[in-house]
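The values are calculated or read from the model by the stated rules, or taken from the named source; none is laboratory data. Predicted model only: the values in this text are computed from it and were never measured. Methodologically, a virtual Cβ is constructed for each residue, glycine included, from the backbone with ideal geometry; neighbour enumeration extends over all protein chains shown. The accessibility values were calculated without ligands, DNA or RNA, using every heavy atom of the protein model including side chains. Shrake-Rupley method; radii C 1.70, N 1.55, O 1.52, S 1.80 Å.
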Amino acid sequence: MATPTVDAFAALARSSPWRWTTLRFGVSWPADRWKPGAVRAWLRRPDRLRVESRDGDLLQVVREPPRNPAPGPAARPDGLVAERRRSWEHDLDDPMHQDYHWVAMLDPVELADGRDRDTDALVAALDVRSLAEVDHGGRPAWEAVVRPTPAYEPRCGCCPLLRSREVDLDEYRDHPQQILAEYPDAYRVRLDVGTGVCVLTEELGGLRPGHGHDLRIEAVDEPMDDALFVVPRRWW
């Protein structure tokens, strides 16, 4: 596996759709009063998802219509993805729980490539201040301290992985009360090396230090039976 350079970090952020087929994980949102606490999930790509509460109560089962697989991307010598086409994005989305932040955690391509607002060219989405190899939940991860560039373009403006003034000004142009008085000085971001999943975001400084998500991978590519994704009948 490549060492964590800025280019390799971006390539890993592009690579998730081709690095795993099933994922069992837990996720929590520290310091976020709008989220429901920790949940556990079983995801079988491309179209099945089960989500439970921390106590094992079923919250959601998603069964999407079958989709055609996206073509293989251009790969670097280290096997990571060198380039992705925008026309693929909706075809690669994982089943959603609550909002597009969920989709972006599992496929964090928004951390790799942004859009130059003048030329529409793909450019770096992040200004990377530091990189390190770390452990996250017992698995190797790459940690970066970053700031979004003006080109950062999240999967959805109302639920980005990293909140920025530029994105908020565009998203909330008709609702200026949603613009924060102060934004984070930077973000701590971790990508799981084996899967490319964004397993951690954390705001550093600003009005909401510690705000973000923490995802812990329990199993990768284990068999998942169809019975996991059936909603139990209710007997009245």
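What the table below lists for this structure:
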quantity	calculated
Residues within the range 84-110 that are assigned to a helix (DSSP H, G or I) and in contact with a strand residue (DSSP E or B) (Cβ under 6 Å, 6 or more places away or on another chain), tallied	1
Subset of the range 46-83 [open to solvent by 50 Å² or more (accessible area, probe 1.4 Å), in a strand (DSSP E or B) and either farther than 19 Å from residue 10 by Cβ or not hydrophobic (A, V, I, L, M, F, W, C) (or both)]	58, 59, 60, 63, 83
Which listed residue is open to solvent by 50 Å² or more (accessible area, probe 1.4 Å) and in contact (Cβ under 8 Å) with a residue 60 or more places away in the chain, from 233, 188, 216	216
In the range 35-45, residue most open to solvent (accessible area, probe 1.4 Å) [restricted to those that are within 15 Å of residue 216 (Cα to Cα) and at pLDDT 95 or above]	40
Residue check for residue 19: farther than 25 Å from residue 211 by Cβ, touching a Ser or Thr at 6+ places or on another chain (Cβ under 9 Å), of a type outside the set (Phe, Trp, Tyr) and modelled with pLDDT of 95 or more	yes
Subset of the range 197-213 [touching a residue at least 40 places away in the same chain (Cβ under 8 Å), over 19 Å from residue 130 (Cβ atoms) and surrounded by fewer than 24 Cβ atoms within 10 Å (Cβ to Cβ)]	208, 211, 213
Long-range neighbours under 6 Å by Cβ, at least six apart or interchain, first residue among the acidic types (Asp, Glu) within the range 108-129, second modelled with pLDDT under 95 and not in a loop (DSSP other than H, G, I, E, B)	113/122; 116/123
Residue count for the range 78-112, restricted to those that are out of contact with any Pro (no Cβ under 8 Å at 6 or more places or on another chain), more than 25 Å from residue 52 (Cα to Cα) and modelled with pLDDT of 95 or more	4
Counted residues, the range 113-123 - those being assigned to a strand (DSSP E or B) and either modelled with pLDDT of 95 or more or open to solvent by less than 60 Å² (accessible area, probe 1.4 Å) (or both)	3
Where a residue in the range 69-84 is of a type in the set (Asp, Glu) and its partner, wherever it lies, is open to solvent by 50 Å² or more (accessible area, probe 1.4 Å), with Cβ under 9 Å and at least six apart	78/1; 83/74; 83/122
Residue under evaluation residue 206, criteria (1) at pLDDT below 95; (2) within 26 Å of residue 92 (Cβ to Cβ); (3) not acidic (Asp, Glu), criterion not met	(2)
